[in-house]
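Structure first, then comments.
The values are calculated or read from the model by the stated rules, or taken from the named source; none is laboratory data. The model shown is predicted, which means the values in this text are computed figures rather than measured ones. Heads up, the Cβs are rebuilt from the backbone with ideal geometry, glycines too, and the neighbour counts pull from every protein chain shown.
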């Protein structure tokens, strides 16, 4: 029997008294328990035709496993796993086992937290600050999320990346693709390396990560290796249009590997390139005029720009004339797709957090770790990518229907007499 004591434990400065969080945590526990119970009941219902010789059910409930804490975004939630007993098994080989997909046997944290770890790194949380950041997010008792765990997770991410890189693409087709090279500062400057990213749009309008690897700057050889690899794994049908900036390495590699794919230059990159050729006093007006070109209903607007600025700012006008065909390729696609095809924004928006990482992360990441964490970040972001507008037009593009200024060209029958 414990001896009585008059010692009262005082609340520590790091302790946070948050009744709302406790209510949410209690509610999460009840919902999780209900979901696991329903999952077990559904399993037993599906197996109810399995009977013992005397007619009794072979599979029955068998209590719960030891309670354990699952780390979630609102702190630890205690939970116990449902057990199911197979009364008819004669050995381990023929035993029917119940495994919860909601609460796997060895789970200690939610998958959303696994996705959180690379994001924290990429937002500038170095290994030394990691535990402090997690304590603020999840409470100070988060033993399953120490820096050592992150190190072990890197090996898991490497396996996931290797499996993803080797996946079969023979059943895939991408109507449009976006390509860009993303530069990181995580110990990669000396090698002048960057992340080569290829995103594709399926005939159903979904965006998917197609290719992702480290390359030497944006050289033709690096892009060629990426494109050859996806083609080798089964991507045999060339995309209709590829969208990218002015990096000549990508376009040379594209023409070699997928010679039938049309070029569409990114207007955001092109606008910046053109404005760099004129005085700052003109840039405001010229930027508005450039925006009108790619927002115009027809491709004739580029002629008006050349007439307005060609005489005085020939270098700026020549930059548009030289790439006219590649800048206006989107006009031959459905107007609903123009917003998607005019820029490489599908890639730029994903990597915004990478570019705004703090300087401290630079010392915390090796090139390999940076690649794996960026890969995990992109795969997490891919779940929220918006579908293409006008997805009903994509089958027409696949079928080869002709569009002019964004409108389908309807062939008219010839009624002339023979």
Assess whether residue 224 counts as being over 30 Å from residue 392 (Cβ atoms), part of a helix (DSSP H, G or I), at pLDDT 90 or above and not assigned by TED's automatic domain parsing to the domain that holds residue 370. no
Please give the number of the condition residue 239 fails out of (1) touching a residue at least 24 places away in the same chain (Cβ under 8 Å); (2) more than 23 Å from residue 346 (Cβ to Cβ); (3) outside any helix (DSSP H, G or I). (2)
Among the residues that make up segment 266-283, is at least one of them within 26 Å of residue 199 (Cβ to Cβ) and touching a strand residue (DSSP E or B) at 6+ places or on another chain (Cβ under 7 Å)? yes
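Take segment 187-207 and flag every residue that is at pLDDT 85 or above and over 16 Å from residue 229 (Cβ atoms). Reasoning before the result, please.
Within segment 187-207, the subset at pLDDT 85 or above is 196-207.
Scanning segment 187-207 gives 201, 202, 203, 204, 205, 206, 207.
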Kindly indicate whether residue 267 is within 30 Å of residue 396 (Cα to Cα), over 21 Å from the mean Cα position of the chain (by Cα) and surrounded by 15 or more Cβ atoms within 10 Å (Cβ to Cβ). yes
Conditions (1) in contact with a helix residue (DSSP H, G or I) (Cβ under 8 Å, 6 or more places away or on another chain); (2) at pLDDT 90 or above: number failed by residue 350: (2)
Looking only at segment 317-351, which residues are surrounded by fewer than 18 Cβ atoms within 10 Å (Cβ to Cβ) and outside any helix (DSSP H, G or I)? 323, 349
So, residue 368, is that one over 18 Å from residue 173 (Cα atoms), in the same structural domain as residue 301 (by TED's automatic domain parsing), at pLDDT 75 or above and part of a helix (DSSP H, G or I) or not? no
Of the residues in segment 87-114 that are surrounded by fewer than 11 Cβ atoms within 10 Å (Cβ to Cβ) and closer than 30 Å to residue 374 by Cβ, the one that is modelled with the highest pLDDT is 101
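Okay, residues lined up against (1) touching a strand residue (DSSP E or B) at 6+ places or on another chain (Cβ under 8 Å); (2) modelled with pLDDT of 75 or more; (3) surrounded by 14 or more Cβ atoms within 10 Å (Cβ to Cβ):
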{"site": "8", "(1), (2), (3)": "no, no, no"}
{"site": "21", "(1), (2), (3)": "yes, no, no"}
{"site": "24", "(1), (2), (3)": "no, no, yes"}
{"site": "31", "(1), (2), (3)": "no, no, no"}
{"site": "42", "(1), (2), (3)": "no, yes, no"}
{"site": "82", "(1), (2), (3)": "yes, yes, yes"}
